[in-house]
Amino acid sequence: MTLRRALGYAAALPVSAVAAAALPLVAATGGRVRMRDGVIEAAGGVLGPLLTRGNPRFPIDAITLGHVVLAVDTRALESTRRHERVHVRQYERFGALFPFLYLGASLVAMWRGGGAYRDNAFEREARALSAETLAA
């Protein structure tokens, strides 16, 4: 592991640790938890109803919290993997400040008349970089 990679894990650790606390509940409710390419992926179980019903106007297929990706099911996990990996890298860059920066980017997007998710600078970067990966 390179020093840069180790520093990325350390920076994201506070958020990763909070997300990791939910993993036993995911597994106990029939969900799948596994490590893939240095990222813990969890899908199904309690995550399905929690993510889709958490905000009925905007159900979430997957969400990244540090080095932990939580998804409603394995299909969502597979289809969002490239996009969510960009968010993992964003956590490595900005550490525990990332959730606050993300919220700030959503507020800026709305202030400019855009959508909190669609026009968020971090989401635009994730869409662009995950599309580049597909094109390569």
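Looking across region 38-59, not a single residue is within 23 Å of Leu101 (Cβ to Cβ), open to solvent by 50 Å² or more (accessible area, probe 1.4 Å) and within 15 Å of the chain's Cα centre (by Cα).
Does Ala28 count as open to solvent by less than 50 Å² (accessible area, probe 1.4 Å), over 26 Å from Ala10 (Cα atoms) and either out of contact with any helix residue (DSSP H, G or I) (no Cβ under 6 Å at 6 or more places or on another chain) or not aromatic (Phe, Trp, Tyr) (or both)? For Ala28, the condition - open to solvent by less than 50 Å² (accessible area, probe 1.4 Å), over 26 Å from Ala10 (Cα atoms) and either out of contact with any helix residue (DSSP H, G or I) (no Cβ under 6 Å at 6 or more places or on another chain) or not aromatic (Phe, Trp, Tyr) (or both) - is not met.
Here Met35 clears all of (1) more than 22 Å from Ala121 (Cβ to Cβ); (2) open to solvent by 10 Å² or more (accessible area, probe 1.4 Å); (3) in a helix (DSSP H, G or I); (4) of a type outside the set (Lys, Arg) except the condition numbered (3). Residue pairs whose Cβ atoms lie under 6 Å apart, sitting 6 or more positions apart in sequence or on different chains, and linking a residue in region 99-115 that is closer than 20 Å to Ser16 by Cα to a partner that is surrounded by 14 or more Cβ atoms within 10 Å (Cβ to Cβ), are Leu101/Phe94; Tyr102/Phe122.
Filtering region 84-124 to residues that are among the charged types (D, E, K, R) and within 18 Å of His67 (Cβ to Cβ) leaves Glu84, Arg85, Arg89, Glu92, Arg93.
Per-residue answers, yes or no, for (1) touching a Leu at 6+ places or on another chain (Cβ under 7 Å); (2) at pLDDT 95 or above; (3) over 15 Å from Val15 (Cβ atoms):
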{"residue": "Pro99", "(1), (2), (3)": "no, yes, no"}
{"residue": "Trp111", "(1), (2), (3)": "no, yes, yes"}
{"residue": "Ala116", "(1), (2), (3)": "no, no, yes"}
{"residue": "Arg124", "(1), (2), (3)": "no, yes, yes"}
{"residue": "Leu129", "(1), (2), (3)": "no, no, yes"}
{"residue": "Thr133", "(1), (2), (3)": "no, no, yes"}
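The values are calculated or read from the model by the stated rules, or taken from the named source; none is laboratory data. None of these values were measured; they are calculated from a predicted model. In this analysis, Cβ positions are derived from the backbone assuming ideal geometry, glycine residues included, and neighbour counts consider all displayed protein chains. Each accessible area value is taken on the protein alone, full model and side chains, heavy atoms only, with ligands, DNA and RNA left out. Shrake-Rupley method; radii C 1.70, N 1.55, O 1.52, S 1.80 Å.
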